[in-house]
1. How many residues does segment B:204-220 contain that are assigned to a helix (DSSP H, G or I) and facing another protein chain (nearest Cβ under 8 Å)?
2. Restricting attention to segment B:147-168, does a residue exist that is hydrophobic (A, V, I, L, M, F, W, C) and closer than 28 Å to C:Arg103 by Cα?
3. Only one of these is farther than 24 Å from C:His89 by Cβ, in a helix (DSSP H, G or I) and within 12 Å of chain A (Cβ to nearest Cβ): B:Phe274, B:Phe265. Name it.
4. Would you mind stating whether C:Gly51 is touching a Ser or Thr at 6+ places or on another chain (Cβ under 9 Å), within 14 Å of another protein chain (Cβ to nearest Cβ) and on the phi > 0 side of the Ramachandran plot?
5. Take the conditions without any contact (Cβ under 8 Å) to a residue 24 or more places away in the chain, part of a loop (DSSP other than H, G, I, E, B) and within 14 Å of chain B (Cβ to nearest Cβ) and apply them to C:Leu105. Does it pass?
6. Condition first: more than 7 Å from every other protein chain (Cβ to nearest Cβ) and farther than 22 Å from B:Gly142 by Cβ. Now tell me which residues in segment A:15-29 satisfy that.
7. Kindly check whether there is at least one residue in segment A:263-274 that is over 23 Å from the mean Cα position of the chain (by Cα), assigned to a helix (DSSP H, G or I) and within 12 Å of chain B (Cβ to nearest Cβ).
8. Considering only residues that are within 23 Å of A:Ile277 (Cα to Cα) and either within 10 Å of chain B (Cβ to nearest Cβ) or part of a helix (DSSP H, G or I) (or both), which ones fall in segment A:230-262?
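The values are calculated or read from the model by the stated rules, or taken from the named source; none is laboratory data. Bear in mind that the values here come from a model prediction, so they are computed numbers and not experimental data. A quick note on method: Cβ atoms are made from the backbone with ideal geometry, for glycine too, and the neighbour counts reach across all protein chains shown.
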Amino acid sequence: MLKRVHFPTSALPYLLVAPQILITLVFFIWPASQAMYQSFLIEDAFGLGTEFVWFENFQILATDNHYLASFQRTAVFSLLVAALSMGFALILAGFAQRVVRGAMFYRTLLIWPYAVAPVLAGALWVFMFNPTLGIFPYFLEFAGITWNHYLSGNQAMALVILAAAWKQVAYNFLFYLAAMQSIPNSVIEAAAIDGAGPARRFWTIIFPLISPTTFFLLVINMVYAFFETFGIIHAVTQGGPGTSTTILVYKVFNDGFVGLDLGGSAAQSVVLMVLVIAMTVVQFRFVERKVAY
Amino acid sequence: MVEHRPLTAFLTHLVLILGVFAIALPVWITFVASTHDELRMNQAPLPLWPGEYFLANMKQTLFGSGLSGTEQAPVWLMLLNSLAMALMISTGKIAISLLSAFAIVYFKFPFRMGFFWMIFITLMLPVEVRILPTFEVVANLGMLNSYWGLSIPLIASATATFMFRQVFLTVPDELLESARIDGAGPLRFFFDILLPLSRTNIAALFVILFIFGWNQYLWPLLITTDTSMTTIVMSIKQMLEAAEQSPQWNIIMTTALLAMIPPVFVVIAMQKLFVQGLTETDK
Amino acid sequence: MADIQLKDLVKSYGPTEVLHHIEGDIKDGEFIVIVGPSGCGKSTLLRMVAGLETVTSGEIAIGGRRVNELEPSARDIAMVFQNYALYPHMSVRQNMAYGLKIRKLPKDEINRRVEEAAEILEIKQYLDRKPRQLSGGQRQRVAMGRAIVRDPQVFLFDEPLSNLDAKLRVQMRLEIRKLQQRLGVTSIYVTHDQVEAMTLGDRLMVLNGGYVEQFGTPIELYDRPASMFVAGFIGSPAMNFLPTEISAGHATLPGGGLLPVASSYSGAATLGLRPEHLNEDENGPIAIEIDMLEQLGANTLIHGRLHGTGHSITASVPGHANDGIGSIRRFSAAAELTHLFDTGSGKRLDI
């Protein structure tokens, strides 16, 4: 935590932390406490006055079917994004790890989508799946599937999941590959001598050994799907059709900036904050185990 | 690989190459779209092979009127805005995190832990959960439509501070003692010893933060209303909306390509630093 | 050049006192070795002199000037660390010049000093290398060089040889000694290695549990150890200790032998006998039943037990030996080479 030896106390350390603390106070802590305060207020219909209502906003949320549906939708969305991108990354890493010399070459070819902004990922996929022009709808037509994510809620959901998962494969691949490469070769060789073939070795030796990484990535991917996919949703579906792709982060934005329901949006912010805190705690508790591994 | 069977080796490479194709497909299609003219891009099925309008599209996108029927800033200006924002965010984050990590590790002063926890809390407050009130603060400070407004609210960083703290903790105590005997004060020690020793960590973090800064979307979307402050990443959304009336996919996709080239280039050119940065900051 | 005074020096961490009222006068140009087992407080004492640890009470004076409140850089000292503490991103030259640069010495003066020190230490050809390109011994030299260029009043060494292999350690030990004699700078050297301490120091300060057990020349410590701790710590193989009853100038050994001692004390005491002071004597009072022989070539160590008792005892005899296990050899010892200690306090009995 602290060096055994340190510099004598003076005004200097305060000056050093001042910029960070100032920005934290002005742009993080103050707005967050404002959000918390506003979540206890309800504005009257004419925007003339506000009333302090304690937890009424939260009670409204808890009984709001739209909100609960959005919650459920976000859970499904996040789990599918995590499962899809982690599964794909796991398979690729499992094969890449077997290539002794080319592994780094494949890594170069696979990690760059990390650098693509979510909104751009959305734009790319929305173009590929454009109902009138896109490549995929054209081919899907032959399979007898009519693609129009502007009309079908399920297709819209599938599209944002694909776009979100695509972007995250790079990250998962990187961590899976690193985890697999840190397994001592002798363990793999011992399993081979015991007669386990490549597939069996993967599922009985490698996969269990990298389970801490799987858990770590699961948390990271959930956080990603919860908070960083705003751009994808905004570019691809804007939450629609209807509310079929309105995940929580999008709803906060929409209710606050478009719907101007300040109290309700603030209450949603507070719920999200609690979720982030929970995920951070899980992640940090896990980090200790990661170090042991 | 333990076995040396040609067939397994072939299968391995086959799967990997298919994987690379699957990952690269969306970008390939984007690239192809940027090499055809508007007419071709409005006929289904869309081409899968590049045409010859790449340079013309580039020229029109970068310096021409851009998308017809929209009031947009020229794309080169958006690129500059993005660059300015990305650089301000990344250097700003690194600078203030280095300073606060230095204070927290090398000084013992009242409220040290209080400051530490205050910085830690920022980890739990992503911009998405406090957009409205943060917007109000920035508006009240008159920072809307400015580079300051784009960057300053994003530069407090717990992860960067933690990373530097970790780096400083691995610097042997004897170096500080030695420097003190040599007569170096705190700032001199910071600049002469700590900074040079953290060089690669700073570079690795810079790569990550540059990408983070460049790819900002929601925040610039909220606080810039003036078209001259538009960043390239946020312009895509406006273009997509415009595409519903006049689908100039060649221009839209050229813009998308331009928007992703800088960060993708950074990742590929500085792969080692990028990997180091990712694994270090996510602890 | 300067003398150093330690006056009633105390160091506490919170309520725990780790150094208890240390006194010591170090003369100008003297080479002092602080020696003791790990955790005895020897490094803490050195770091207090350096100014890296605060003084709880008492006073440190260098050259007659109280330095308790001075920053390390203002004390005119140089220190060589156990892990050398070289700045990894600077070349050897920059490492050596750093302190001088901070003091704003003229460039050519800095160059002159660095070249001179490099000459003395024979590291001239490495001046433009980074520390990681050097071997352990070379790094050690650079660390010394960094101290030399400062031209300080005092050199402080914190176990500087413990990261080197045995052979290099012996070589560097001699070089440090020669260098110090040549420069004549007052030096304090901390080590846990008693051989290093004996060969290097003009005087040794033996620390144990935060107390000074004895402060004297190596020969004084060997000939007249002030306590059982010093007696056991200095000399190799270690001194034998036997419980005895003293009366009328004789010690009654366990098992009944009578050994003359040069003391008028009477009563119970612990008798100390150095292995090399046991002389073979067919009629001697000390009968050793042999457990094991250690053939060292020039001499042989005989490990065994005092016959008829469980007390282990070691003797050193010149030349070779081939006694069988379980056989018995008899020894005597000169009265003036015996040591008597109070069994309870461990202090030397000089009566």
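1. 3
2. Keep residues of segment B:147-168 that are hydrophobic (A, V, I, L, M, F, W, C), which gives B:148, B:150, B:152, B:154-156, B:158, B:160, B:162-164, B:167-168.
The next check asks that each one be closer than 28 Å to C:Arg103 by Cα; those that pass are B:168.
Yes.
3. B:Phe265
4. yes
5. Taking the combined requirement at face value, the residue satisfies it.
6. If the condition is that a residue be more than 7 Å from every other protein chain (Cβ to nearest Cβ) and farther than 22 Å from B:Gly142 by Cβ, then A:Leu15 is the only one that fits.
7. Yes, some residue in segment A:263-274 is over 23 Å from the mean Cα position of the chain (by Cα), assigned to a helix (DSSP H, G or I) and within 12 Å of chain B (Cβ to nearest Cβ).
8. Within segment A:230-262, the subset within 23 Å of A:Ile277 (Cα to Cα) is A:230-231, A:246-256, A:262.
A:Phe230, A:Gly231, A:Leu248, A:Val249, A:Tyr250, A:Lys251, A:Val252, A:Phe253, A:Asn254, A:Asp255, A:Gly256, A:Leu262, listed by residue number.
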